[in-house]
1. When you scan segment 144-164, do you find a residue that is in contact with a strand residue (DSSP E or B) (Cβ under 6 Å, 6 or more places away or on another chain), in a helix (DSSP H, G or I) and surrounded by 22 or more Cβ atoms within 10 Å (Cβ to Cβ), even just one?
2. Might you check whether a residue that is in a loop (DSSP other than H, G, I, E, B), touching a helix residue (DSSP H, G or I) at 6+ places or on another chain (Cβ under 9 Å) and either modelled with pLDDT of 95 or more or surrounded by 15 or more Cβ atoms within 10 Å (Cβ to Cβ) (or both) occurs anywhere in segment 42-51?
3. What tally of residues in segment 56-93 results from selecting those that are part of a helix (DSSP H, G or I), over 18 Å from residue 112 (Cβ atoms) and within 16 Å of the chain's Cα centre (by Cα)?
4. Give segment 165-213 a look and list any residue that's modelled with pLDDT under 95 and surrounded by fewer than 17 Cβ atoms within 10 Å (Cβ to Cβ), or say none.
5. Among the numbered criteria (1) modelled with pLDDT of 95 or more; (2) under 30 Å from residue 199 (Cβ atoms), which one does residue 24 miss?
6. Quick check on residue 99: is it modelled with pLDDT of 95 or more, within 16 Å of the chain's Cα centre (by Cα) and either in a loop (DSSP other than H, G, I, E, B) or farther than 18 Å from residue 131 by Cα (or both)?
7. Examine segment 103-124 for a residue that is surrounded by 20 or more Cβ atoms within 10 Å (Cβ to Cβ) and assigned to a loop (DSSP other than H, G, I, E, B), and state whether such a residue exists.
């Protein structure tokens, strides 16, 4: 596999659940998802690589749904898509089915540590040639529409989701990585109370454009 010239094609790793349409479980078109918005805003000098899976958790195994564990998928994704300049980690909403906001942030911390392990493994070339850079994104909040549904996987999770930014910011500071609060610019659709509509996707994509440019200069 031939690597693209690193100086000409900086790569961004997008590793999360991306683009589920509220109420249908279909996915938005690539250009509607915030990863697509981010790519369009950054332009041709950047390559945004989206790696998403509906229902993905960080380190908590979901016994009902196989092949969703972030800690299993992350090393493969990093190695398969090197060289990379920036890893954007945006997981945690689905973790609330098994833990609280603090536990979700701890799951993210485990993935940060795992990224360092992958970088340190003796390979043909480094995943991050210029050193590991990570942008940790805390998820949007859960709306009572979802939290109050007695049959919803995220029932009762709205209060914990409101603490995402608090714990994720602390995790970012403790681990020396960059931080962005998705809830500062985006909210869930009122249809299902958990997933973003196109306007929220656009707002988040444009906000991340600004964050990425500041990180990568």
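The values are calculated or read from the model by the stated rules, or taken from the named source; none is laboratory data. Since the model is a prediction, treat every value here as computed from it, not as a measurement. Virtual Cβ from ideal backbone geometry, glycine too; neighbours counted across all protein chains shown.
1. Taking segment 144-164 and keeping what is in contact with a strand residue (DSSP E or B) (Cβ under 6 Å, 6 or more places away or on another chain), we get 164.
Applying the additional criterion that residues be in a helix (DSSP H, G or I) yields 164.
When the remaining residues are screened for being surrounded by 22 or more Cβ atoms within 10 Å (Cβ to Cβ), the result is 164.
Within segment 144-164, one or more residues are in contact with a strand residue (DSSP E or B) (Cβ under 6 Å, 6 or more places away or on another chain), in a helix (DSSP H, G or I) and surrounded by 22 or more Cβ atoms within 10 Å (Cβ to Cβ).
2. Filtering segment 42-51 down to residues in a loop (DSSP other than H, G, I, E, B) leaves 43-46.
In the following step, the residues that additionally are touching a helix residue (DSSP H, G or I) at 6+ places or on another chain (Cβ under 9 Å) were identified as 46.
Cutting the leftovers down to either modelled with pLDDT of 95 or more or surrounded by 15 or more Cβ atoms within 10 Å (Cβ to Cβ) (or both) gives us 46.
Within segment 42-51, one or more residues are in a loop (DSSP other than H, G, I, E, B), touching a helix residue (DSSP H, G or I) at 6+ places or on another chain (Cβ under 9 Å) and either modelled with pLDDT of 95 or more or surrounded by 15 or more Cβ atoms within 10 Å (Cβ to Cβ) (or both).
3. So in segment 56-93, the residues part of a helix (DSSP H, G or I) come out as 70-80.
Filter once more, so that each one left must be over 18 Å from residue 112 (Cβ atoms): 80.
Still in the running and within 16 Å of the chain's Cα centre (by Cα): none.
Qualifying residue count, segment 56-93: 0.
4. 190, 191
5. The failed condition is (1).
6. Numbers: modelled with pLDDT of 95 or more: yes; within 16 Å of the chain's Cα centre (by Cα): no; either in a loop (DSSP other than H, G, I, E, B) or farther than 18 Å from residue 131 by Cα (or both): yes.
Answer is no for this residue.
7. no
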